[in-house]
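The values are calculated or read from the model by the stated rules, or taken from the named source; none is laboratory data. A quick note: this is a predicted structure, and the numbers were derived from the prediction, not measured. As a convention, Cβ positions derive from the backbone with ideal geometry for all residues, glycine included, and neighbour counts pool all protein chains shown. Surface accessibility is based on the protein's heavy atoms, side chains included, excluding ligands, DNA and RNA. Shrake-Rupley method; radii C 1.70, N 1.55, O 1.52, S 1.80 Å.
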Amino acid sequence: MAFGSGFANEGKFLPKYNFLRVKDEIEKSKVFKMIRKMPKGCLLHTHDFGSVSQEYVLYNVTYRPNLYACDSGEKLQLRFFEIPDSKCEWKLLSELRATPESEKEINQRIRQHMSMMTENPEGAYPDGDKAWIKFESLFGFLASFLRHRPVYEDHYYQLLKENYEDKVLCLEFRACLPALYELNGKEYGPLEVAKIIKDVSDRFLNEHPDFIGAKIIYSQARHVTMKIMEKYLKTFQQLKDTYPNFVVGFDIVGQEDKGLPLKNFIKQLLELKSEYKKFIFHAGETDWNGLSTDENLIDAVLLRTKRIGHGFALPKHPKVMELVKKQDIAIEVNPISNQVLNLVADLRNHPANILFAENYPVVVSSDDIGLWGAHGLSYDFYEAFMGIMSRKADLRALIKLGHNSIKYSLMNDKEKEKAFTIFHQQWSEFVTNFDKTNYE
């Protein structure tokens with residue numbers, strides 16, 4: 001089933017433009033509306049604090065009681081308290097919203113602190129470093145109030161809900177398992193946070209029997225000492241021992257161009273027992289060639305990573321590409337993230353076009369979709385299909401993405417069998433109704 005020129009020529013070619021400029025136009029597209037109704041399999045690359053819709057965070061989370069704000073002019077902070085500490089001049093957020101005018105003003109400030117959205121992305125983020133500075137500031141802002149234990153639970157449930165509604169069957173998400181807190185100051189450590197997430201996952205699964213579930217890839221920052229990395233790996237081993245089928249892998253995250261390369265931590269990683277060597281590394285998320293950043297791809301493959309997060313620089317390394325194909329390592333492509341963070345402007349120039357053309361194992365994921373004003377997986381599927389794949393691509397290319405996402409997930413065989421069964425049922429229904437559905 002080809003879509004024909006009518007779908008590819010809806011006004012200006014949207015993947016050519018920065019997503020922050022054309023999100024609203026993408027949502028009006030016939031192809032996007034079709035993809036929203038299409039089963040997508042599993043979402044294999046997303047992060048806990050960056051993947052829920054801004055509307056939910058703003059209008060649900062920030063309107064809850066006991067949320068305080070501290071405004072120092074350029075910097076805004078939000079945190080839940082029973083009694084505010086003395087480190088800042090905290091004021092109840094509800095009181096700052098006392099009038100319609102003040103409510104509008106403070107809500108605009110909150111949006112600016114939790115979003116990459118801007119009317120002029122090229123001016124706001126002229127290079128990758130500027131984009132990353134803004135990007136990482138969003139996590140610091142969000143983490144302060146999303147780590148309130150009841151909020152964290154609801155926020156995670158919303159992550160499952162939004163992706164389930166977008167026809168996603170299962171999730172594997174990177175999580176640092178941050179210290180959660182109660183109003184009385186009580187905090188929860190990584191094992192307790194993992195249990196909280198698992199309990200929410202189990203509840204969601206019980207309420208949605210056609211959902212397969214969620215799993216954690218324990219992830220920590222690459223800007224750390226070897227001693228701290230040893231601590232992270234020890235925690236990962238404890239998590240893996242406690243939740244062997246829920247905590248399924250380990251990753252090192254953050255801006256690769258500024259962080260320490262994988263080779264700095266080779267000793268600690270190799271000392272892990274074989275049952276703990278479950279790596280799903282971010283690697284090659286760079287437009288450089290010949291630096292330690294893109295050489296992370298080499299080390300990730302040598303360390304037998306199960307998948308590669310981003311792999312943007314992969315086509316610059318032909319020998320690594322050979323090994324990736326030989327070892328059947330899937331590449332997690334995140335089109336919008338790569339564009340917003342300034343790796344590629346026009347998605348027709350995204351290097352994943354080579355991976356699709358050469359039939360590499362590719363999965364399309366959404367990374368931190370909430371930070372660019374969207375939610376779910378459909379936006380990245382749209383950009384990959386329209387902007388990166390061949391013009392001749394059709395439903396066969398899209399069903400292959402669904403198959404790949406299940407095949408290269410870290411589910412066990414029984415879970416994969418169930419996922420394929422549900423996915424094919426959903427796909428059959430989608431195709432049966434394809435010509436009857438109005439995508440206007």
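Convex hull volume of the C-alpha atoms in the range 85-126, normalised per residue: 102 Å³. For the range 122-233, the solvent-accessible area works out to 40 Å² per residue, with a probe of 1.4 Å and every protein chain left in place.
Taking every DSSP bridge with both residues inside the chain, close to 25 percent are antiparallel. Using only Cα coordinates, the Kirkwood hydrodynamic radius of the chain works out to 22.5 Å. Couplings for the range 46-53, taken from phi via the Karplus curve 6.51 cos²θ - 1.76 cosθ + 1.60 with θ = phi - 60°, read 8, 10, 5, 7, x, 10, 9, 4 Hz in order; Gly and Pro are left as x. Accessible area per residue for the range 374-432, computed on protein heavy atoms with a 1.4 Å probe, is 44 Å².
Here is the tail figure for the range 361-408: Cα pairs spaced more than 17 Å apart come to 35 percent of all pairs. Label the range 345-440 by shape, choosing from rounded, prolate and oblate, from the square roots a ≥ b ≥ c of the eigenvalues of the Cα gyration tensor; if a/c is under 1.5 it is rounded, and otherwise prolate applies when a/b is larger than b/c, oblate when it is not. It comes out rounded by the Cα gyration axes. In this structure, the pairs whose alpha-carbon distance is over 29 Å, taken from K40/K326; K240/K416; K40/K273; K130/K306, are K40/K273; K130/K306. Note on the range 134-215: the C-alpha convex hull projects to 5.8 nm² when averaged across all orientations. For F80, the residues whose amide H sits under 5 Å from its own are Y68, ignoring neighbours fewer than 5 places away on the same chain, with H placed 1.01 Å from N.
How big is Rg to Rh over the range 205-256, alpha-carbon atoms, Rh as the Kirkwood inverse-mean-distance radius? Value, to two decimals: 1.12. Gyration tensor analysis over the Cα atoms of the range 93-244 returns equivalent ellipsoid semi-axes of 29, 22, 18 Å (largest first, whole Å). Taking the 1.4 Å solvent-accessible surface of the range 300-440 as the whole, the part contributed by carbon and sulfur is 50%.
Given R0 = 22 Å, the distance between the Cβ atoms of N359 and H424 translates into a calculated FRET efficiency of 0.55.
As a fraction of the 1.4 Å probe accessible area of the range 127-258, surface on carbon and sulfur atoms comes out at 53 percent. Where does the charge balance sit around A214 when Lys and Arg score +1, Asp and Glu -1, over other residues with C-beta under 9 Å from its C-beta? That works out to +1.
For the chain, a Gaussian network of Cα nodes joined below 10 Å ranks V363, V22, V324 by mean-square fluctuation, and the top entry is V22. Looking at the range 291-410, the pairs of alpha carbons with a distance over 23 Å make up 27% of the total. Taking the chain as a Gaussian network of alpha-carbon nodes connected by springs under 10 Å, the highest mean-square fluctuation of the residues K37, K198, K414 belongs to K414. To the nearest 10, the accessible area of Y439 is 20 Å² with a 1.4 Å probe.
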